[in-house]
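The values are calculated or read from the model by the stated rules, or taken from the named source; none is laboratory data. All of these numbers come straight from a predicted model, not from anything done at the bench. For neighbour counting, all protein chains shown are included, and Cβ atoms are generated from backbone atoms with ideal geometry for every residue, glycine included. What goes into the accessible areas is simple: the full protein's heavy atoms, side chains included, and nothing from ligands, DNA or RNA. Shrake-Rupley method; radii C 1.70, N 1.55, O 1.52, S 1.80 Å.
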Amino acid sequence: MYSIVEIKGVKSKYRCGYCGCGMGKVSFGMWAHAMTVQDYQDLVDRGWRRSGKYVYKPIMEETCCPQYTIRCHALSFQPSKTHKKNLKKMSKFLSKGEMPTECDGEPMDSVCEEGRPREAPKACSSDVQEPVDAVAPEKEAAPQPAQPDTPQQAPKPEAPIRGPPAMPKPGVGADPSRPPCRKAKDLRKERRQLKEQQRQQEGGASSAGSAPACAPPTQSRTLEDLIAESLPEDAKHRLEVKLVPVSFEDPQFMATFDQSAALYARYQTAVHGDAPSECGESEFRRFLCDSPLEEETAPDGPEAGYGSFHQQYWLDGRIVAVGVIDVLPTCVSSVYLYYHPDCAALSLGTYSALREIAFTRQLQGQSPKLCYYYLGFYIHSCPKMRYKGQYRPSDLLCPETYAWVPIEQCVPRLESAAYARFNQDIDAVDERFLKDLDRVLVLHRRAVMPYAAYARKRRGPSDEREVEQYARLVGQACAERMLLYRA
């Protein structure tokens with residue numbers, strides 16, 4: 001099987017969805033008629049992303065807000081306090097039916113910025129949509145959605161408005177015979193230290209006699225433990241996550257297509273303010289169902305195979321969210337998330353990312369090489385987009401050598417300039433740089449040939465410059481494997 005791509009060229013001077021600059025975005029795009037998962041994996045590892053079948057790469061030295069590919073080491077990931085809070089919030093909702101009154105989770109934008117946003121931050125989004133093979137910037141977040149139908153706690157009545165407090169009567173000040181007030185956290189810390197000292201003393205006293213059985217050391221709960229936290233038998237809600245291949249030949253995908261498309265339309269109109277005509281079935285198909293990736297299987301691959309999938313979140317028998325992902329040879333790549341507006345307070349952007357990290361770890365047990373979770377682009381120049389760096393340990397892709405560098409080493413450089421080279425080895429270069437243009441594979445008149453043979457047959461103006469730019473951006477290895485369609 002070959003990947004077949006068609007150059008769309010440089011898209012420049014269009015509105016940026018992060019800084020709002022009307023003429024700042026620059027990217028190179030191509031249309032993928034078909035693509036193998038290995039070719040797409042290699043492209044992602046050179047800074048490319050897909051939106052439907054449109055595959056694009058920001059021109060990092062020229063674009064106003066450089067977008068760096070970011071990956072999380074799924075096996076070493078440890079949830080932060082914010083992540084644990086999000087999982088507890090979901091568990092509380094499922095067990096008691098208490099819907100949070102406000103969304104306090106991290107935003108989750110679309111990892112394919114040229115498509116629509118996942119949960120676009122207000123300060124870093126635009127409201128322009130462009131044609132399919134052009135670049136569609138991020139969209140502005142809509143006003144807060146209506147209150148959910150799900151049962152929730154009644155809000156506490158507002159306190160009556162009172163005038164300014166009366167001034168205290170003059171006195172003699174603090175009582176010098178009483179100890180000064182102390183903060184509660186200091187008292188708790190002191191009690192913990194006292195208990196620890198008593199435990200050590202008791203352990204030392206018993207060491208002279210028969211040694212008591214030692215209690216096992218407390219281990220922090222894993223991400224899987226937090227997600228699979230047992231619910232009571234009388235839990236108010238039931239949540240189930242189903243993995244469905246994106247294929248119009250798959251019975252389960254087709255059985256849920258109408259419900260999924262309706263949810264997408266409701267999400268786009270309520271959260272992003274789209275007109276119904278902008279998020280109909282054809283747009284849903286193009287953006288989230290059409291994928292250049294064909295389903296592939298391998299002896300050492302995951303049981304479900306490689307390709308594009310929808311992770312459907314079923315709450316009490318209906319779909320309330322869908323996470324679109326690509327399963328590739330070494331990673332799970334997040335593409336998009338849409339959800340029911342009534343569930344916005346559950347911070348499903350963060351929750352789905354944690355579920356996708358856990359899913360990556362599950363797949364690694366079936367395919368040892370599959371151990372990374374790709375969150376798309378990290379944009380340090382937009383503060384609202386820095387949350388992706390909190391899924392650690394994580395790396396950013398050097399835009400010049402395409403080497404992975406820990407994010408801790410990259411951030412200081414990004415504080416000084418929006419565009420930065422991360423690889424500190426000044427002699428390091430792109431190991432897959434274009435070496436021989438003549439060996440680039442071309443599909444011309446249904447015949448596969450190297451570019452050298454195609455150039456000899458071609459009549460009219462030379463297209464060498466365009467093909468050279470394409471080959472330089474995809475790298476020599478991909479240029480020799482993929483078929484570049486030339487009319």
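Checking the stated criteria, Ala477 turns out not to satisfy the condition of being small (Gly, Ala, Ser), part of a helix (DSSP H, G or I) and closer than 24 Å to Thr63 by Cα. Once segment 1-58 is narrowed to residues that are under 18 Å from the mean Cα position of the chain (by Cα) and assigned to a loop (DSSP other than H, G, I, E, B), the residue that is farthest from Ser291 (Cα to Cα) is Tyr18.
Within segment 48-63, the residues that satisfy the criterion of being aliphatic (A, V, I, L, M) and out of contact with any helix residue (DSSP H, G or I) (no Cβ under 7 Å at 6 or more places or on another chain) are Ile59, Met60. No other residue among Arg472, Arg456 is at pLDDT below 95, in a helix (DSSP H, G or I) and open to solvent by 90 Å² or more (accessible area, probe 1.4 Å) apart from Arg456. The set of residues in segment 29-52 that are of a type in the set (Phe, Trp, Tyr) and open to solvent by 10 Å² or more (accessible area, probe 1.4 Å) contains only Trp31. So if I check each of Ile4, Ile70, which one is in contact with a strand residue (DSSP E or B) (Cβ under 6 Å, 6 or more places away or on another chain), open to solvent by 10 Å² or more (accessible area, probe 1.4 Å) and not acidic (Asp, Glu)? Answer to the check: Ile4. When segment 307-323 is filtered for residues that are open to solvent by 20 Å² or more (accessible area, probe 1.4 Å) and either among the aromatic types (Phe, Trp, Tyr) or not in a loop (DSSP other than H, G, I, E, B) (or both), the ones remaining, listed by number, are Trp314, Arg318.
Residues that are free of Cβ contacts under 8 Å to residues at least 24 places away in the same chain and in a helix (DSSP H, G or I) were ranked within segment 247-256; the one that is most open to solvent (accessible area, probe 1.4 Å) is Pro251.
Any residue that is in contact with a helix residue (DSSP H, G or I) (Cβ under 7 Å, 6 or more places away or on another chain), closer than 22 Å to Leu363 by Cα and open to solvent by 40 Å² or more (accessible area, probe 1.4 Å) - is there at least one of those in segment 286-303? Scanning segment 286-303 turns up at least one residue that is in contact with a helix residue (DSSP H, G or I) (Cβ under 7 Å, 6 or more places away or on another chain), closer than 22 Å to Leu363 by Cα and open to solvent by 40 Å² or more (accessible area, probe 1.4 Å).
Taking into account only those residues within segment 229-242 that are touching a helix residue (DSSP H, G or I) at 6+ places or on another chain (Cβ under 9 Å) and under 29 Å from Ala74 (Cα atoms), which is least open to solvent (accessible area, probe 1.4 Å)?
His237
Just one of the listed residues (Gly305, Gly317) is of a type in the set (Gly, Ala, Ser) and either under 15 Å from the mean Cα position of the chain (by Cα) or closer than 22 Å to Lys53 by Cβ (or both), and it is Gly305.
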